[in-house]
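The structure appears below as structure tokens.
The values are calculated or read from the model by the stated rules, or taken from the named source; none is laboratory data. All values reported here derive from a predicted model rather than from experimental measurement. As a convention, Cβ positions derive from the backbone with ideal geometry for all residues, glycine included, and neighbour counts pool all protein chains shown.
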Amino acid sequence: QAKSAGRDRYRRFDPDLHARQLARHEIARALPQALERGELFVEYQPMVRADDGELHGVEALARWRHPQHGLLGPAQFIPVAEEHGMIDKVGMFVLRTACAQAGTWKARHPNHPLVMSVNLAPAQADDPALPVLVAGLLAQHGIDPAMLQLEVTESSMMPAAGQAVETLRALARLGVRIAIDDFGTGYANLTNLRSLPVHHLKLARQFVTPPDDELAERVDCVLIATVVRLARSLGLGVIAEGVESQAQARILRRLGCDVFQGYVYGKPQSPEAIDARLSTTSGRGTGKESRQP
Ligand code: C2E
Ligand code: MG
Ligand code: MG
Ligand code: MG
């Protein structure tokens, strides 16, 4: 009893903890209005092909322009949305926005097809209605299903997550591509990878961006090579995220990664910035002049 009283007192008087709880509570309260008022928006981070440096696609990343707190990143509100049963709404907003944007780019740059990659929260992957919603968005915006990639975490792929696996199978039957995000940080069941509808592994940033930027000297190289070999034997592509230097890119290319994403190729940015990039690069197959040596 004394112990729990002590804990309560600690809780009440820890200003950091108090501020954090207040913020989460406030975020949960403000999020529904934020959606209605258009305070949420999406930025797009380039993904480039390892072989020629051409733009392969973009990842859609959620942001919130909060009227009092300024710009909030997904780490500040996605977990709160998940906890408070609002991730479906937030996730659908991102998916709808990203699909509309993909349709716009397809119309404006018909000879430069881009993959649109969107994160799926576990609760979204659990929703049996998702494939129908996705099929509707693809049709509405005239998007080739193979140009939409959905990123799920390893935990969504657990056999225990029975409905999620069914939903992902239905999405894969539509022709949508599935990527496992942050691969290597969760509970990947390697034997399951074979039977699951997965097309790409996204290597977790932790392996790709060593704190000292000396990837070559680290054991991470061995881990990456192992993941690449695993992916190859299963017929999957490998996307390396968190690529922050050309030196890292060279090593990752040699290790066999197919696609790179990271600050060295562009931070998450506005659709206008991506559009400008599309306008200055020629389309697929004619982009020799922008190839890297
Ligand atoms: P993620 O899906 O792994 O996205 C990549 C994150 O790494 C992004 O952070 C991106 O800005 C960051 N990043 C990219 N390149 C580099 C780099 O070279 N160096 C470093 N240090 N970081 C890099 P962001 O935008 O803060 O997103 C964080 C996470 O929030 C995402 O991780 C994703 O799990 C989640 N998230 C974002 N948008 C959504 C969404 O619409 N739905 C769901 N469910 N989750 C989302
Ligand atoms: Mg992601
Ligand atoms: Mg990731
Ligand atoms: Mg992540």
>> So in the stretch 49-64, with the set limited to residues that are within 17 Å of Pro271 (Cβ to Cβ) and of a type in the set (D, E, K, R), which one is farthest from ligand 4 (Cβ to nearest atom)?
In response: Arg63
>> Just to be sure before I move on: is Ala273 aliphatic (A, V, I, L, M), within 16 Å of ligand 2 (Cβ to nearest atom) and modelled with pLDDT of 95 or more in the structure I sent?
In response: no
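Among the residues of the stretch 142-154, is there at least one that is of a type outside the set (Val, Ile, Thr) and farther than 26 Å from Val238 by Cα?
The answer is yes, given that some residue of the stretch 142-154 is of a type outside the set (Val, Ile, Thr) and farther than 26 Å from Val238 by Cα.
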> Which of the residues belonging to the stretch 208-226 are of a type in the set (Val, Ile, Thr) and surrounded by fewer than 16 Cβ atoms within 10 Å (Cβ to Cβ)?
Replying inline: Val219, Val222, Thr226
> Only one of Arg29, Arg11, Arg7 is under 26 Å from the mean Cα position of the chain (by Cα) and at pLDDT below 95; which?
Replying inline: Arg29
> Arg250 passes all but one of (1) in a loop (DSSP other than H, G, I, E, B); (2) over 15 Å from Phe183 (Cβ atoms); which number fails?
Replying inline: (1)
>> Looking only at residues that are assigned to a strand (DSSP E or B) and free of Cβ contacts under 8 Å to residues at least 40 places away in the same chain in the stretch 119-156, which one is farthest from Thr185 (Cα to Cα)?
In response: Leu150
>> Return the residues of the stretch 130-176 that are touching an Asp or Glu at 6+ places or on another chain (Cβ under 7 Å) and within 16 Å of ligand 3 (Cβ to nearest atom); say none if nothing qualifies.
In response: Glu151, Val152, Thr153
> Within the stretch 184-214, can you find the residues that are away from ligand 4 (no atom under 16 Å from the Cβ) and on the phi > 0 side of the Ramachandran plot?
Replying inline: Asp213
> Can you tell which of His66, His109 is closer than 25 Å to Gly136 by Cβ and surrounded by fewer than 21 Cβ atoms within 10 Å (Cβ to Cβ)?
Replying inline: His109
> If you go through the stretch 161-184 one residue at a time, do you hit one that is surrounded by fewer than 14 Cβ atoms within 10 Å (Cβ to Cβ), among the aliphatic types (A, V, I, L, M) and more than 19 Å from the chain's Cα centre (by Cα)?
Replying inline: no
> So, in the stretch 186-207, of the ones that are within 13 Å of ligand 2 (Cβ to nearest atom) and surrounded by 19 or more Cβ atoms within 10 Å (Cβ to Cβ), which residue ends up modelled with the lowest pLDDT?
Replying inline: Ala204
>> Scan the stretch 150-159 and tell me whether some residue there is modelled with pLDDT under 95 and away from ligand 4 (no atom under 16 Å from the Cβ).
In response: yes
> Of the residues in the stretch 97-112, how many are away from ligand 1 (no atom under 11 Å from the Cβ) and either under 19 Å from the mean Cα position of the chain (by Cα) or assigned to a helix (DSSP H, G or I) (or both)?
Replying inline: 10
> When you look at Val222, is it more than 22 Å from Val115 (Cα to Cα), among the β-branched types (Val, Ile, Thr) and either away from ligand 2 (no atom under 16 Å from the Cβ) or in a helix (DSSP H, G or I) (or both), yes or no?
Replying inline: yes
> Here are some conditions: (1) assigned to a helix (DSSP H, G or I); (2) of a type outside the set (A, V, I, L, M, F, W, C); (3) closer than 24 Å to Tyr265 by Cα. Asn192 meets all but one. Which one does it not meet?
Replying inline: (3)
> Restricting the first residue to the stretch 203-222 and requiring it to be under 10 Å from Gln248 (Cβ atoms) and free of Cβ contacts under 8 Å to residues at least 40 places away in the same chain, which pairs with a second residue that is within 15 Å of ligand 1 (Cβ to nearest atom) and hydroxyl-bearing (Ser, Thr, Tyr) meet a Cβ separation below 8 Å and a spacing of at least six or different chains?
Replying inline: Asp213/Ser245
